[in-house]
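Enquirer: The structure is given below, and queries will be raised subsequently.
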Amino acid sequence: QVQLVESGGGLAQPGGSLKLSCAARGLVFSVGLMAWYRQAPEKERELVARINVSGRTDYADSVKGRFTISRDNAKRTIYLQMNNLKPEDTAVYYCNADVSVGVANPTSRGNYWGQGTQVTVSS
């Protein structure tokens, strides 16, 4: 019914930049809070940044001043601009969203995850 389609991961050098995208597709009536999480090997999944419909944002302390989350409500898409990347940013990045499902009217609501995209920071 609903898919979160991520793109933009890859390999970057320390100090480099990458930009991730996540689009909500399918029977999407509306999208509420959207967020990026990440999970490094042998570590728990952690919140990186989140953004509500109005554009209010929150960031993990470890990425403040380096990462910027933004959204395009018309495209039902969020972005994560990652600058000054560090090796410790290496992880699989997951998109998460609260979605109201339906066509003409919302029929249900759920929390959805993307498939994950690998970000590797290495020289």
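Each value in this text was obtained by applying a stated rule to the coordinates, not by laboratory testing. Here the structure is a predicted model, which is why all the values come from computation and not from measurement. Reconstructed Cβ throughout: ideal geometry from the backbone, glycine too, with neighbour counts over all protein chains shown.
Enquirer: How high is the FRET efficiency from Lys75 to Asp98, r the C-beta distance, R0 25 Å, rounded to 0.05? Each step should come with its number before you reach the end.
Expert: Working: r = 17 Å, r/R0 = 0.68.
Result of the calculation: an efficiency of 0.90.
Enquirer: Convert 20 °C to kelvin, take the viscosity as 1.002 mPa s, use the Kirkwood radius over C-alpha pairs of the stretch 1-48 as Rh, and evaluate the Stokes-Einstein diffusion coefficient in µm²/s, rounded to a whole number.
Expert: Answer from the Stokes-Einstein relation: 163 µm²/s.
Enquirer: Expressed in nm², what is the orientationally averaged projection area of the convex hull enclosing the Cα positions of the stretch 61-108?
Expert: 4.8 nm²
Enquirer: Moving on. Name the longest site-free stretch of the chain, where the excluded sites are GluC sites (Glu not before Pro) in a DSSP loop with no more than 12 other beta-carbon atoms within 10 Å.
Expert: 45-123
Enquirer: Work out, step by step, the length gained on full extension between Ser62 and Ser123: first 0.36 nm times the residue separation, then minus their alpha carbon distance; give nm to one decimal.
Expert: So the chain would gain 19.9 nm between Ser62 and Ser123.
Enquirer: Which of the trypsin sites (Lys or Arg not before Pro) found in the stretch 60-96 are in a DSSP loop and have at most 15 neighbouring Cβ atoms, other than their own, within 10 Å?
Expert: Values: sites: Lys64, Arg66, Arg71, Lys75, Arg76; in loops: Lys64, Arg66, Lys75, Arg76.
For trypsin sites (Lys or Arg not before Pro) across the stretch 60-96 that sit outside H, G, I, E and B with at most 15 neighbouring Cβ atoms in 10 Å, the list reads Lys64, Arg66, Lys75.
Enquirer: Identify which of Ser62, Ser70, Ser17 has the largest mean-square fluctuation in a Gaussian network model of the chain, with springs joining Cα atoms closer than 10 Å.
Expert: Of the options given, Ser62 has the highest mean-square fluctuation.
Enquirer: Select from Thr107, Thr90, Thr77 the residue whose mean-square fluctuation is largest in a Gaussian network model of the chain (Cα-Cα springs shorter than 10 Å).
Expert: Thr107
Enquirer: Moving on to the next point. Kindly give the semi-axes, whole Å and largest first, of the ellipsoid equivalent to the stretch 30-74, taking each as the square root of 5 times a Cα gyration tensor eigenvalue. All intermediate terms of the calculation are to be shown ahead of the outcome.
Expert: On the way: eigenvalues 92, 33, 11 Å².
In descending order the semi-axes read 21, 13, 7 Å.
Enquirer: Could you work out how much longer the chain between Leu27 and Gln115 gets when fully extended? Use 0.36 nm per residue separation minus the Cα distance between them, nm to one decimal.
Expert: That pair, Leu27 and Gln115, stretches by 29.9 nm at full extension.
Enquirer: What number, in nm² with one decimal, is the all-direction average of the projected area of the convex hull of the alpha-carbon atoms of the chain?
Expert: Taking the Cα atoms of the chain, their convex hull projects to 7.2 nm² on average.
Enquirer: Moving to a separate point now. Over the stretch 31-77, what is the relative contact order in percent, taking alpha-carbon pairs closer than 8 angstrom and at least six residues apart?
Expert: Relative contact order here is 30 percent.
Enquirer: Each residue of the stretch 75-81 in turn: what ³J(HN,Hα) in whole Hz from Karplus with 6.51, -1.76, 1.60 and θ = phi - 60°, glycine and Pro shown as x?
Expert: 8, 6, 10, 10, 10, 9, 8
Enquirer: Sticking with this structure for a sec: List the relative contact order of the stretch 34-123 as a percent without decimals, with contacts defined as Cα pairs under 8 Å and 6+ residues apart.
Expert: Normalised by residue count, the contact order of the stretch 34-123 is 26 percent.
Enquirer: Restricting attention to the stretch 1-48, which trypsin sites (Lys or Arg not before Pro) occupy a DSSP loop and are surrounded by at most 16 other Cβ atoms within 10 Å? Kindly include the intermediate steps, with their values, before the conclusion.
Expert: Numbers: sites: Lys19, Arg25, Arg38, Lys43, Arg45; in loops: Lys43, Arg45.
Listed in order of number, the matching sites are Lys43, Arg45.
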